[in-house]
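Undergrad: Quick one: the structure is below, and I'll ask about it shortly.
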Amino acid sequence: MIFTRKRTADSLTRELEQMRENLQQAERLHREAEANFQRRLGESLELREQAQLRARELANRVDLLQQQLVEARRKPLKMLKRKMVFSILRALSKASPPLSARTAQRFARSAEKRDPARDDFRSPGAASAARQEAQYEQLVAAWERIRAERKGDVLALKAQLADGPVISVVVPVYNPDAEGVTAMVDSVLGQSYDRWELCIADDGSDAEIRDILTGLAQRDSRIRLVLRDENGHISRATNSAIEVATGDYIALLDHDDLLDRDALLLVAQRIVQGPKPKIIYTDEDKIRPDGTRYDPHFKPDWNRDFLYGNNYVSHLGVYCAALVREVGGLRPGFEGAQDYDLLLRCVEQVQDGEIAHIAKVLYSWRATPGSTAASGEAKPYAAEAGRRALAEHLQRVHGRDIAVEAGPFPFTYRVNWPLDGQPLVSIIIPTRDRLDLLRVTVESLIAKTDYAAYEILIVDNGSTEPATLAWLDEVQRRDSRVRVLRDDRPFNYSALNNAAVAQSRGEIIALLNNDLEIISASWLREMVSLAVRAGTGCVGAKLYYPDGRIQHAGVVVGLGGVAGHGHLKYAREDNGYFRRLKLRQNYSAVTAACLVMRREIFDEVGGLNEADLVVAFNDVDLCLKVQEAGYTNVWTPWAELVHHESATRGAEDTPEKLVRFKRECEYMQDRWNLPAFKDRAYNENLVLDSERFSFGPPVWRLQGVREAAAE
């Protein structure tokens, strides 16, 4: 095995060297091509910018390959090879000249098929993705049937909003496809809401395109066309459109994307419902050139940590016009991530409660060859612009530089939250015998954890086996950070932990099960750096079954009746629903099998409920109390442990346990009104009887008029 791994590493090293040579050759060819262009066209600013972006792209590609080599021991060789082949094909697809445009396009198509970040590679596999696409086609058709049946409700809502806000739809344009831009305009003209204006800014397109745009503008007096004298790129063009906008709100629309015909009606409805939001976003999907809609993104409600990992808000984004002008509109220099930069700057000026999410697919993002919708790597320079936008946002918000690095996919990011000093962490581990599990937990913790400021409190709840008792005595003598607390009361998980917290010394509390094994050395540092942030409550980890499948990646309240683990039993390498297995995000709850939080918050909410929740759901209840108190709970994929779930407690399979479990379920139902509970980290279009983020039955609600649903 060692020989095989070494041989694999050697092979990958050779491939990396070959790739470097290819990249060097591509750089040389690019320099020659640039020199030719400069001789013919002169030293233009635009060409210099393109050269800089190209050089940065190639440097990033080398860094990416180096990272892939490091990951060789952890990721399947097949996936690694696919990434490297994809990298080579992408580099060749951009080597035009000297390659012909047709040849470069062939390489681009081949790269698209092999893109590791392609949505059809997302769990649970390409076959399932095909089934999902067919299900989504049925869902879209059902939505249309519902709306046709409830046409009267739409007309009634339209009448109610006769004096509603004016929404300025802002579109920057530069040499668009005529068919695509015409379809975009048609989607605005077809809106069921009348109080809109369409502000199009042409950024120096060819005369033929300008004639088409002029003709489109003549179709409706609400269309405003700005013809810019010179090309200034997307940010300046968008600002030109904003300058002529007179609406109360500004909606950002790309030149070839489509709005659902009720999009602006539902946005206007949400605005007048109150309290008035200043930022509104909706769900979205993608649309192919043939009109096929696919890949719906049913988003969570406002989720700051997820936003710091990627721009999940994206389309449709609607902003209070005064807010957009207050922050100065879009900033040149962030092309490709200009929407993300605008959103982050606007977020700084509003309260979380002023950010609204409409859980409906109201925007279709056109996926064409080379577009960002089709391939996450179509605009690699945009990822760097997004990283800079996020870093600058964090500096403005926190008054200090906070490192932001590229995430696991294009257009994703990882914030390295600073940790000033090392606050003492009290790690509490209840146990009863099962030395085979406990020893692994404690010894892997001591051997692998790179965060030194901790104490371990082992709560011995009635161990009787001589080997266990001897080891407990020995481990205390061996490491002064370990204390054993004897507590012989009948098993009550909540009471055992509460009593241990009262005897602990740390300002940070870490609740751990006795059947864990540390994988990542930085697990505790990662969790503590999140827990110490102002406003953060409970922090959860990424837990695996021994076979590598996902055991915990955040808790969805309502799943399975009370609460359940999303992405349960996904493979370790899976990306999850829209990459949610690979990025930090806020969840309503996380499991106490590995949970970190500040002691002051634990005390503020009264700790775990030892009266009503002896065994089950006490962690969910704790997290919901923390959320109710105004804190956000966060889950991180960068704290990894193996979990032998409930190995010591056993299953709920005796009459006594079943009665107790039923009682605890009923308590949770009553305390949190679960039939009406809306989990902000989930989406009403996803079902609550599956952990796989599956589509639910077709529902198209018009709040305030009447609710419509198709079975």
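Undergrad: Output the relative contact order of the stretch 373-493, whole-number percent, from Cα pairs under 8 angstrom with separation of 6+ residues.
TA: Values: 134 pairs, mean separation 23.2, N = 121.
The value is 19 percent.
Undergrad: From Cα pairs below 8 angstrom and at least 6 apart in sequence, can you work out the relative contact order of the stretch 266-329, rounded to a whole percent? If you can, show how the numbers build up before the last one.
TA: Working: 53 pairs, mean separation 23.2, N = 64.
Once normalised by length, the contact order is 36 percent.
Undergrad: A 22 angstrom limit on the alpha carbon distance is what I want to check against. Which of Lys276/Lys582; Lys542/Lys569; Lys569/Lys678 exceed it? Don't skip to the end; give the middle numbers.
TA: Values: Lys276/Lys582 33 Å; Lys542/Lys569 12 Å; Lys569/Lys678 24 Å.
Result: Lys276/Lys582; Lys569/Lys678 exceed 22 Å.
Undergrad: Mind ordering 145-156, 614-625 by average Cβ neighbours within 10 Å, highest first? It would help to have the intermediate numbers written out before the result.
TA: Details: 145-156: 14.4, 614-625: 22.8.
Put in order of decreasing packing, that is 614-625, 145-156.
Undergrad: Oh, and also: In whole angstrom, how far apart do the alpha carbon centroids of the stretch 594-608 and the stretch 476-539 sit?
TA: 11 Å
Undergrad: I would also like to ask the following. How much area per residue is accessible in the stretch 544-697 when the probe is 1.4 Å and only protein heavy atoms are counted (Å²)? Walk me through the numbers before you get to the answer.
TA: On the way: 5840 Å² over 154 residues.
Per residue, the stretch 544-697 has 38 Å² of solvent-accessible surface.
Undergrad: Let me ask something else about it. What ranking, highest mean first, results for peptides 393-405, 272-284, 520-532 when packing means the other Cβ atoms within 10 Å averaged over each residue? The partial results should precede the final answer.
TA: Details: 393-405: 13.5, 272-284: 18.7, 520-532: 21.9.
Ranking the peptides 393-405, 272-284, 520-532 by packing returns 520-532, 272-284, 393-405.
Undergrad: Be a star and scan the stretch 380-396 for residues whose amide nitrogen sits under 16 Å from the point 7 Å along the Cα-to-Cβ vector of Ala534.
TA: Inside the label zone: 394-396.
Undergrad: In square angstrom, what is the accessible area per residue of the stretch 410-539 with a 1.4 angstrom probe?
TA: Working: 4790 Å² over 130 residues.
Accessible area per residue: 37 Å².
Undergrad: Then there's this: Could you give the semi-axes, largest first, of the ellipsoid that matches the stretch 250-359, computed as the square roots of 5 times the alpha carbon gyration tensor eigenvalues and rounded to whole Å? Kindly include the intermediate steps, with their values, before the conclusion.
TA: Values: eigenvalues 93, 62, 40 Å².
Working from the Cα gyration tensor, I get semi-axes of 22, 18, 14 Å.
Undergrad: If you average the sequence gap of Cα pairs under 8 Å that are 6 or more apart and divide by the length of the stretch 454-504, what percent do you get for the contact order? Write out the running numbers ahead of the final one.
TA: On the way: 47 pairs, mean separation 24.9, N = 51.
Value for the stretch 454-504: 49 percent.
Undergrad: List the pair-distance distribution P(r) of the stretch 177-266, using every Cα-Cα distance, as the percent of pairs falling in each 5 Å bin from 0 up to the bin containing the longest distance, rounded to whole percents.
TA: Values per bin, smallest distances first: 3, 14, 25, 28, 20, 8, 3, 0.
Undergrad: Run the accessible area of the stretch 160-213 with a 1.4 Å probe and give the carbon-and-sulfur part as a rounded percent. Intermediate values should be presented prior to the final figure.
TA: Working: 870 of 1950 Å².
About 45 percent, which is the carbon plus sulfur part of the accessible surface.
Undergrad: Label points 7 Å out from Cα along the Cβ direction at Thr368 and Ser522: separation in nm?
TA: My value for the distance between the label points is 4.1 nm.
Undergrad: Sticking with this structure for a sec: Describe numerically, in nm with one decimal, the distance between label points set 7 Å from Cα along Cα→Cβ at Glu348 and at Leu227.
TA: According to this spin-label approximation, the distance is 3.8 nm.
The values are calculated or read from the model by the stated rules, or taken from the named source; none is laboratory data. Everything numeric here is computed off the predicted structure, so don't read it as measured data. Cβ sites come from the backbone with ideal geometry, for glycine too, and all protein chains shown count toward neighbours. For accessibility, only protein heavy atoms count, side chains too; no ligands or nucleic acids. Shrake-Rupley method; radii C 1.70, N 1.55, O 1.52, S 1.80 Å.
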